[in-house]
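Novice: My questions all concern the structure below.
The values are calculated or read from the model by the stated rules, or taken from the named source; none is laboratory data. Just so it is clear, the model here is predicted, and its values are computed rather than measured. Note that we place each Cβ from the backbone using ideal geometry, even for glycine, and neighbour counts take in every protein chain shown. The protein model used for the area step is the full one, side chains on, heavy atoms only, and it has no ligands, DNA or RNA in it. Shrake-Rupley method; radii C 1.70, N 1.55, O 1.52, S 1.80 Å.
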Amino acid sequence: MSEFHHISVLLNECLEGLAIKPDGIYVDGTLGGAGHSGQIAKRLTTGMLIGIDRDTVALQVAGERLAPYEDRVKLVHANFCEIQRVLQELGISGVDGILMDLGVSSPQLDDAERGFSYMADAPLDMRMNREDAITAKTVVNTWSQEELKRILYTYGEERYAPQIAAAICRARAQKPIETTLELVDIIRSAMPPAALREKQHPAKRSFQAIRIAVNDELGSVEKAMADAIPMLNPGGRLAVITFHSLEDRIVKTAMAEAAKGCTCPPNFPVCICGNKPKVRLISRKPIVATPEELEVNPRSRSAKLRVCEKL
């Protein structure tokens, strides 16, 4: 368990954004290595922290790391998009802060047997929750060529999506694709020499796309955003870290709509919908890593933090 190393991204910015009250109730929807959670729990006295993660390994490690604060911590095995259900089952009607770090934790990426990495050979898995039915092997071997092309292009922004999808379908017609490096070879075979010479690993975008599809990451973000804001107490804060433009767009749009309130067409002389703003944006632009943090943790380069406060 001690192998589960994870550097918390934008840690100080998150703590500042959440404006933690010692007696407040807080949710870390993506517990991971408990880096953020440990610092939240440390600042609580009579308050409570609910830590949620769909990865049982992360929950075990988090339990060990949060042991000094066990009197104020409750850990739950669930997807962060189930936040409303989790809180209802705990009998909690409102919370003072919710944190969601949407990045795949470094240990998941680095643990070769989980199948997230294109650098080590492993069974095609990529599940964040190993109890889920769909694996990367399912996606690669059973989804249609059209659907593979769609996810590669949409989730991975892979410009060679048609060629890669076709190559996957040709390969699996001969025999099932079982491992990560088999898939890497197929992806390489579908790309022109110029693309293979690029600095970025040729399989990076495809692996990202398949991981997002396996875990329904974008669907989870949409549901989480819809459910989180209503669960905040007045003055409660929602802080969300994204690492991908598609996720960031969902978070930005959801917060902007909640801050806007009125949904009437712009040409209406008066508001007839009656919708009032639900939140205020703490900063118009996303908060990004400082040069000092980038030096220590290069993975924070693509991180964006957005924070809003319930009205």
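Novice: Pop out the Kirkwood hydrodynamic radius of the chain from its pairwise C-alpha distances, inverse of mean 1/r, in Å to one decimal.
Specialist: 20.7
Novice: Could you calculate the contour length gain from LYS276 to GLN145, that is, 0.36 nm times the residue separation minus the distance between their Cα atoms, to one decimal place in nm? Could the numbers behind the result be given before it?
Specialist: Numbers: separation 131, 0.36 × 131 = 47.16 nm, distance 4.48 nm.
Value of the extension gain: 42.7 nm.
Novice: Considering region 255-308, what Rg and Dmax in Å follow from its alpha-carbon atoms?
Specialist: Over region 255-308's Cα set, Rg and Dmax evaluate to 17.3, 53 Å.
Novice: In addition: How would you order 115-127, 58-70 from highest to lowest mean count of nearby Cβ atoms within 10 Å?
Specialist: Ranked from most to least packed, the peptides come out as 115-127, 58-70.
Novice: Another one. Full extension from LEU109 to GLU70: what is 0.36 nm times the residue separation minus their Cα-Cα distance, to one decimal in nm?
Specialist: 11.2 nm
Novice: What distance in nm separates the simple spin-label points at ARG284 and GLU198, each placed 7 Å from Cα in the Cβ direction?
Specialist: Here the answer is 3.3 nm between the modelled labels.
Novice: Right, here's the next one. What percent does the relative contact order of region 131-228 come to when contacts are Cα pairs within less than 8 Å and at least six residues apart?
Specialist: Relative CO of region 131-228 lands at 34 percent.
Novice: Same structure again: Beyond 30 Å between alpha-carbons counts as too far, so tell me which of LYS137/LYS285; LYS42/LYS137; LYS175/LYS204; LYS137/LYS278 fall in that bin.
Specialist: Distance filter (> 30 Å) returns LYS137/LYS285; LYS42/LYS137; LYS137/LYS278.
Novice: In Å², what does the accessible area per residue of the chain work out to with a 1.4 Å probe?
Specialist: Details: 14890 Å² over 311 residues.
Result: 48 Å² of accessible area for each residue.
Novice: Here's something else I'd like to know. Show me the ranking of peptides 132-143, 217-228, 276-287, 235-246 by mean Cβ neighbours inside 10 Å, starting with the highest.
Specialist: 235-246, 217-228, 132-143, 276-287
Novice: Then there is this: Can you tell me the order of 160-166, 257-263, 30-36, 170-176 when each peptide is scored by its average per-residue count of other Cβ atoms within 10 angstrom, highest first?
Specialist: Per-residue mean Cβ counts within 10 Å order the peptides as 30-36, 160-166, 257-263, 170-176.
Novice: What full-extension length gain, to one decimal in nm, is calculated for LEU90 and GLU157 as 0.36 nm per residue of separation minus the Cα-Cα distance?
Specialist: Numbers: separation 67, 0.36 × 67 = 24.12 nm, distance 3.99 nm.
Result for the pair: 20.1 nm of gain on full extension.
Novice: Moving on. With unit charges on the beta carbon (Lys/Arg positive, Asp/Glu negative), name the residue among ALA78, LEU49, GLY35 whose Cα is farthest towards the positive pole of the charge dipole of region 6-112.
Specialist: With unit charges placed on the Cβ atoms, the residue in question is LEU49.
Novice: Could you size up the charge dipole of region 1-151 around its Cα centre, putting +1 on the beta carbon of Lys and Arg and -1 on that of Asp and Glu, and report it in debye to the nearest 20?
Specialist: Working: 14 positive and 23 negative charges, 43 e Å.
That gives region 1-151 a dipole magnitude of about 200 debye.
Novice: Taking every DSSP beta bridge with both residues inside the chain, roughly what % is antiparallel (nearest 5)?
Specialist: 40
Novice: Now for a separate question. Among the complete DSSP H segments of the chain, which ones combine at least 18 Å of alpha-carbon extent along their axis with a mean Kyte-Doolittle hydropathy of 0.0 or more?
Specialist: 161-174
Novice: Taking only the Cα atoms of region 62-202, how large is their convex hull per residue, in Å³?
Specialist: Values: hull volume 22.1 nm³, N = 141.
Enclosed volume per residue, from the Cα hull, is 157 Å³.
Novice: Treating only the Cβ of Lys, Arg, Asp and Glu as charged (+1, +1, -1, -1), what charge dipole size does region 146-302 show about its Cα centre? Round to the nearest 20 debye.
Specialist: Details: 24 positive and 18 negative charges, 75 e Å.
Using Cβ point charges on Lys, Arg, Asp and Glu, region 146-302 gives about 360 debye.
Novice: Given labels modelled 7 Å from the Cα in the Cβ direction, how far is it in nm from ALA256 to GLN39?
Specialist: 2.8
Novice: What is region 20-74's relative contact order, in percent, from Cα pairs under 8 angstrom and six or more apart in sequence?
Specialist: Dividing the mean separation by the residue count of region 20-74 yields 41 percent.
Novice: Region 67-128: D in µm²/s via Stokes-Einstein (Kirkwood Rh, Cα pairs, 10 °C, 1.306 mPa s)?
Specialist: Result for D is 109 µm²/s.
Novice: Report the charge-dipole magnitude of region 94-213 in Debye, nearest 20, computed about the Cα centre from +1 at each Lys and Arg Cβ and -1 at each Asp and Glu Cβ.
Specialist: 580
Novice: Mind grabbing the base-10 log of I(q)/I(0) for region 139-204 at q = 0.16, 0.20 Å⁻¹? Debye formula, identical points on the C-alpha positions, no solvent, two decimal places.
Specialist: Log-scaled intensity ratios, in q order: -0.48, -0.75.
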